[in-house]
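Let me begin by presenting the structure, written as structure tokens, before commenting on it.
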Amino acid sequence: MERQVSAREQRMTRMICLMCTYTVLCNAPKVLLKMTDFEGELTVVRTLATAIYWSQFSGDFVIYAGSNKQYREAYLLLLNDTWAALRRTSFASQSAQDQGQLQLADMTRAAVAPKR
């Protein structure tokens, strides 16, 4: 008697397989170089392999967001809130800077203007 696999279990299985494949692909160049390049002559290739290795840590969240609606919504909410806060901060500092420049211009005009 076969058990029916739910859609949720299939999605989870796909995501786990994708994460494992991604991890193996990111680790393979570094491991292969460690096994073959005993002299340390392939420095450029070793640098690229290290960059690929470290990219696995920044790529996990992209896989999660691509495969799960809740992660995607959470990332979008976080990015929207962060963007809004950055815009408020930059506009506030810009307007304060503009205000300071106006005050400086007024002071300069007052200092340069001939006295009556």
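The values are calculated or read from the model by the stated rules, or taken from the named source; none is laboratory data. Note that this is a predicted model, so its numbers are computed, not measured. Backbone-built Cβ (ideal geometry, glycine too); neighbour counts: all protein chains shown.
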Any hit, segment 59-72, residues being surrounded by 14 or more Cβ atoms within 10 Å (Cβ to Cβ), hydrophobic (A, V, I, L, M, F, W, C) and part of a helix (DSSP H, G or I) = yes
Which of the residues spanning segment 28-61 are closer than 30 Å to E73 by Cα and among the aromatic types (F, W, Y)?
-> Y53, W54, F57, F61
Do you know which residues across segment 41-100 are among the charged types (D, E, K, R), at pLDDT below 85 and farther than 15 Å from Y22 by Cβ?
-> E41, R87, R88, D98
Segment 1-51, residues that are acidic (D, E) and within 30 Å of A65 (Cβ to Cβ) = E9
